[in-house]
Amino acid sequence: MKTSLISTLSIGLFVSCGLADRTHAADADVLPHLRRQGTATQLIVDGKPFLMRAGELGNSTGEPAFLRQYWPKLEALHLNTLLVPIYWDLIEPEPDRFTFAAVDALLADAREHNMRLVLLWFGSWKNARSCYVPAWIKSDPVRFPRSHAATGLALEMLSPFHTANLDADTRAFSALMRHLRETDSARHTVLMVQVENEIGMIPDARDHSPEADGQFAAAVPAELLAYLTKNTDALAPDLRALWLGAGGKRAGTWSEVFGTDAGSEEVFMAWHFARYVQQVASRGKAEYGLPMFVNAALIRPGHQPGQYPSAGPLPHLFDVWRAGAPAIDFLAPDIYFRNFSEWARRYARGGNALFVPEALPAPEASVNGLFAFASLNAMGFSPFGIEAVGEPTSRAIGDTFDLVAQLTPLIVEHQGSGTMVGLLPEGAEQREPQRVVLGDYVALVSFERPTPPAVAEGLAAPGAASAAGGPAQPSGGLVIQLAADELILAGTGITATFQARAGGPLQAGLLSVEEGRFVDNKWTHLRWLSGDQTHQGRHVRIGPGSFGIQRVKLYTYK
Ligand code: DGJ
C-alpha cells in the first residue's frame, strides 16, 4: 500500500527540524543570506550587499570540461555570477552512490575565474518534465510513479503525490547541499540554489494519476485555508476571486472550495508541488542553509491552465506557494516576453525579492537589467544561454554589466530608499517622456528608438513590424540622486530635460555635466559636456549605440 504524502510531510517536517538542530547557528550570519534595506531585499555576501551580474548557461553546458572553453567570454561580459545546472542523473548514477567530482571541478574553475555560482537543481522536474532524473528512476515507473494526463496516459514527469519520488529527490538534494557545506562553506563560491526548474503541469491543469484523483477528492488542507483566511485582503486578486467566487468556504474538497474549472485544479497542483518543494528545500537547508528559490515559466497571452505549464510559482499562485513552501526565500520569473517591466513588477510586489534567473538574451536585456536593479531593487539579472550570445547582444550585455560593476556601491546604497529610478521605454505605443521626480527637480526622459511606435492613432505605422519584434538598439538606463541638486545618469539612448519642481517662474538649468567612469569606486573625469553635447545646456544626452555615465549638477534661475 502506498504511503499518503500528507502523512509523510509531517514526518518530513519533524525530521528536518532534527537536522536543523545539527547545523551551526553562526552560519546564518556568515553564509550568503537575504536582508531588508528600506523597501529592498538584498543578497548579503561576505558581509556586504552583492549585485549579481549574472548569466545562465544553456542546459547542456554545465559539465566543467565542456564549460572551460567559455570562461574567457563570460569574464569579458563582466559577469560576476554564473547560473549552472546540477544534473541529478550525473551526480547519482546509481541509487545512493553520489559522485561530486564535476561539482568540485566547477567550483575550482569558478574560483579561478573569480566567479560566484548559483546552482540550479535539475531534480524531479525540469520544464514540467523529468528528463534529468537518473536512469534507475526513469526505468522503474512502478516504484517511482509518473503523473498521468486526463486521457489516462502516463507522462514523462514524476508525480508529486508519491513519497518514493520525494524521498529520492530529497536524499540527492541533501547530499548535494552537504557536499557544498563541506567544500564551500569557507569560500561562498555558491551564493544560492534554485530548487527544481520551471515546475509546471502540462497538457492538463492537474495530474490525473489514481493517487492524484484521490487527493483531489479529499479535503483542502487546513493550513492552506488558514492562510487564505488570515490573508484574505492581501491575496493575489485572481486567487481571491476564485476562492470568494466559490463561496469563500473554510472547509471542503478542492472543487467545493475553489470551483469546478481548471483554475481549481491548478491551485490543487500548486499546493502539492509547493509541499514537495518545501520538503526538498528544507531538508537541503538543514544541511547547508543557503537562500533558495523557485522559477516560473510565464503565461503566454490567452493561455488557460493546462495550456501553459500550470501551477508553478506564477503571480496568481504566489499565496499558495508561500503557504506551502515557506523554506523558499523568493519566487523568480523567467522573462522571455518583451513586456519585461510588467512581469518584473509583478515579481517585485508583496515583499518578494526580485531576481531574474532567465531573461531573453537580446540587446534589450541590457536596459531591462538596469531597470530591474534601479526601479525594482533586483538582487540580480541573468540572460539565458549566456555562453552562446553573439553580437549585438554580447556587446550590449557586456557594456551594461560594466556600468553595473562601476555603479554597484551606489546602486546598493540607494536601493530601497526612493532615490534611484530605472529608465525604460514601456512599449512601442509610449508617447510621453518618462517623468522622474528627483528632490526639487523633475526629469523628463525620452528614449531614442530606431523604430517608430507600432500604432499611430490606431493605424499601423511604417516600421511597425520591426518595432513589434523589438528594437535592435536598446535605450534606457538609470538615474541616481546624489544630492538635492546632483545626480548620476547612466545608460544608452536617453535624453533628459529638467524642470524645477516648484514650477512658476522658477526654471532648471545645467550647472555642469561631466562624463566619467568609476574606477575602484572613485569618480574619474573624462570630459566636460557643455556645448553641442548638451545642446548648449538644454538637455543631458547619452546617445544610442554606447553606454555611458554622466554626473549632472542642476540649478534654478528666474
Ligand atoms: C526555460 C528553461 O528554464 C531553461 O532551462 C531553458 O529550457 C529555456 N527555457 C530555453 O529557452
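Here are the numbers:
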{"read-out": "For LYS126, solvent-accessible area (1.4 Å; no DNA, RNA or ligand), Å²", "value": "20 Å²"}
{"read-out": "Projected label distance in nm at TYR557 and GLU391, using a 7 Å step from Cα toward the beta-carbon", "value": "4.4 nm"}
{"read-out": "Vicinal HN-Hα couplings computed from phi for region 145-160 (Karplus, 6.51 cos²θ - 1.76 cosθ + 1.60; Hz; Gly/Pro x)", "value": "x, 8, 6, 10, 7, 4, 5, x, 6, 6, 9, 7, 7, 4, 7, x"}
{"read-out": "Solvent-accessible area of PHE98 with every protein chain in place, 1.4 Å probe, in Å² to the nearest 10", "value": "60 Å²"}
{"read-out": "Surface per residue (accessible, 1.4 Å probe) for the chain, Å²", "value": "40 Å²"}
{"read-out": "Top positive-direction residue, dipole computed over region 195-244 with Cβ charges, set ILE199, ASN231, LEU242", "value": "ASN231"}
{"read-out": "For GLY200, residues with placed amide H under 5 Å, excluding near neighbours", "value": "ALA128"}
{"read-out": "Considering only region 102-198, percent of DSSP beta bridges that pair antiparallel, nearest 5", "value": "35 percent"}
{"read-out": "Leading residue at positive end of dipole, the chain (Cβ point charges), from LEU34, THR163, ILE411", "value": "ILE411"}
{"read-out": "The chain - percent relative contact order, Cα under 8 Å, separation 6 or more", "value": "13 percent"}
{"read-out": "Cβ-derived FRET efficiency at R0 22 Å, GLN37 paired with GLU486, nearest 0.05", "value": "0.50"}
{"read-out": "For ALA297, distant residues with modelled amide H under 5 Å away", "value": "none"}
{"read-out": "Ordering of 101-113, 490-502 by burial proxy (mean other Cβ atoms within 10 Å per residue, highest first)", "value": "490-502, 101-113"}
{"read-out": "Packing rank of 289-301, 406-418, 309-321, where each peptide gets the mean count of other beta carbons within 10 Å, highest leading", "value": "309-321, 289-301, 406-418"}
{"read-out": "Residue-by-residue Karplus 3J(HN,Hα) for region 59-73, coefficients 6.51, -1.76, 1.60, Hz, glycine and proline x", "value": "4, 10, 10, x, 6, x, 5, 6, 5, 3, 5, 9, 4, x, 5"}
{"read-out": "Per principal axis, descending, Cα span of the chain in whole Å", "value": "84, 54, 44"}
{"read-out": "Accessible surface of region 157-266, 1.4 Å probe, proportion on carbon and sulfur as whole %", "value": "53 percent"}
{"read-out": "Interchain or long-range residues, amide H under 5 Å from GLN42's placed H", "value": "ARG35, ARG36, GLN37"}
{"read-out": "Apportionment of accessible area to carbon and sulfur, region 288-353, percent (1.4 Å)", "value": "46 percent"}
{"read-out": "Over the chain: helical MRE at 222 nm, DSSP H runs n ≥ 4 each giving -39500 (n - 2.57), nearest 500", "value": "-9500 deg cm²/dmol"}
{"read-out": "Solvent-accessible surface ranking, highest first, for GLU223, GLU156 at 1.4 angstrom", "value": "GLU223, GLU156"}
{"read-out": "Calculated from backbone phi, Karplus (6.51, -1.76, 1.60) coupling profile of region 333-348 in Hz, x at Gly/Pro", "value": "x, 9, 9, 9, 7, 7, 8, 3, 5, 4, 5, 4, 4, 5, 8, 9"}
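The values are calculated or read from the model by the stated rules, or taken from the named source; none is laboratory data. None of these values were measured; they are calculated from a predicted model. For neighbour counting, all protein chains shown are included, and Cβ atoms are generated from backbone atoms with ideal geometry for every residue, glycine included. Note: accessible area is taken over every heavy atom of the protein model, side chains too, but ligands, DNA and RNA are not part of it. Shrake-Rupley method; radii C 1.70, N 1.55, O 1.52, S 1.80 Å.
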